[in-house]
Amino acid sequence: EVTEEGSKWNYKRFVHIDTTGTESNGGLEGITYHDGYLYIANQSPAELIIYSLEHQGVALSYMADFITECFSDLWFDTTNNTLWAVDAWSSNKEIVNFTIWGELIARFKSPVPWIEGICIDFENNKAWFACDSTGQLYSADIVRNN
């Protein structure tokens, strides 16, 4: 139990997720939630695990071959029910958008160096990026083509 500034968190280990990660820091890296499912990114090798809270088990898992080497962060896009992730080891530090079934939709070069975290606010046309090596948080305006 942790209490901080009026908030109380009662936490416990929920479940062990078996992954194929072999590196000491290659395990679970990102998590997001939507409609009863946890979407979990294993860092290296890049694997996506979809966990059903209702059935308390893995509903689907697959190797994300569209990720160069490893996942870094994950975000669920409720505007079209897709996922966004950071491909941190690609040469351009890329951002990828893909279906929950693993079909690549789009790939973008990161606007910031060594990106680790991503969050997109389509209502306000903003994207947020966290930079691991600098400790900086960046925002970017989303410019849509008509």
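The values are calculated or read from the model by the stated rules, or taken from the named source; none is laboratory data. Since we're looking at a predicted model, the values are computed, not measured. As a convention, Cβ positions derive from the backbone with ideal geometry for all residues, glycine included, and neighbour counts pool all protein chains shown. For accessibility, only protein heavy atoms count, side chains too; no ligands or nucleic acids. Shrake-Rupley method; radii C 1.70, N 1.55, O 1.52, S 1.80 Å.
Tell me the net charge near residue 40. Cut-off is 14 Å between Cβ atoms, residue 40 excluded, with +1 for each Lys or Arg and -1 for each Asp or Glu. Each step should come with its number before you reach the end.
Details: positive: none; negative: 18, 29, 47, 73.
Once positives and negatives cancel, what remains is -4.
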Q: Mind jotting down a quarter of the surface of the convex hull over the alpha carbons of the chain, in square nanometres, one decimal?
A: 10.6
Q. Between residue 8 and residue 119, how many nm apart are label points set 7 Å from Cα along the C-beta direction?
A. 2.6
Q: Scan the range 44-146 for GluC sites (Glu not before Pro) in coil per DSSP, keeping those whose Cβ has at most 11 other Cβ atoms within 10 Å, and list them by number.
A: 54, 103
Q | Sequence-distant residues sharing a close amide H with residue 105 (under 5 Å, placed H) | A | 97, 98, 99
Q.
Taking θ = phi - 60°, what integer Hz values does the Karplus form 6.51 cos²θ - 1.76 cosθ + 1.60 yield along the range 30-42, in sequence order, with x for Gly and Pro?
A. x, 8, 8, 10, 7, 6, x, 10, 9, 9, 10, 9, 8
Q) How large is ³J(HN,Hα), in whole Hz, for each residue of the range 114-125 in order, when computed from phi with the Karplus curve 6.51 cos²θ - 1.76 cosθ + 1.60 and θ = phi - 60°, using x for Gly and Pro? A) 6, 5, 10, x, 9, 8, 10, 10, 5, 4, 10, 6
(Q) Rolling a 1.4 Å sphere over the protein heavy atoms, what is the accessible area per residue of the range 35-111, to the nearest Å²? (A) 46
Q: Amide H neighbours of residue 110 under 5 Å, at least 5 residues apart or on other chains, H built in the peptide plane: list them.
A: 94, 95
Q. For the pair residue 133 and residue 89, how long in nm is the line joining their label points, each one 7 Å along Cα→Cβ?
A. 1.6
Q | Cβ-defined net charge surrounding residue 134, 15 Å radius [Lys, Arg +1; Asp, Glu -1] | A | -1
Q | Summed side-chain charge close to residue 51 - residues other than residue 51 whose Cβ falls under 13 Å, Lys, Arg +1, Asp, Glu -1 | A | -4
(Q) Which trypsin sites (Lys or Arg not before Pro) in the range 76-146 sit in a loop by DSSP (not H, G, I, E or B) and have at most 14 other Cβ atoms within 10 Å of their own Cβ? (A) 144
Q) For the chain, modelled as a GNM with alpha-carbon contacts under 10 angstrom, which of 86, 15, 112 fluctuates the most? A) 15
Q) Can you list the residues, at least 5 places off or on another chain, whose amide H is less than 5 Å from the amide H of residue 69, using H built in the peptide plane? A) 89, 90
Q) To the nearest 10 Å², what's residue 51's accessible area with a 1.4 Å probe? A) 10
Q: Compare 40, 120, 95 in a GNM of the chain, Cα atoms joined below 10 Å, and give the one with the largest fluctuation.
A: 120
Q | Dipole in debye (nearest 20) - the range 17-118, about Cα centre, beta carbon charges: Lys, Arg +1; Asp, Glu -1 | A | 240
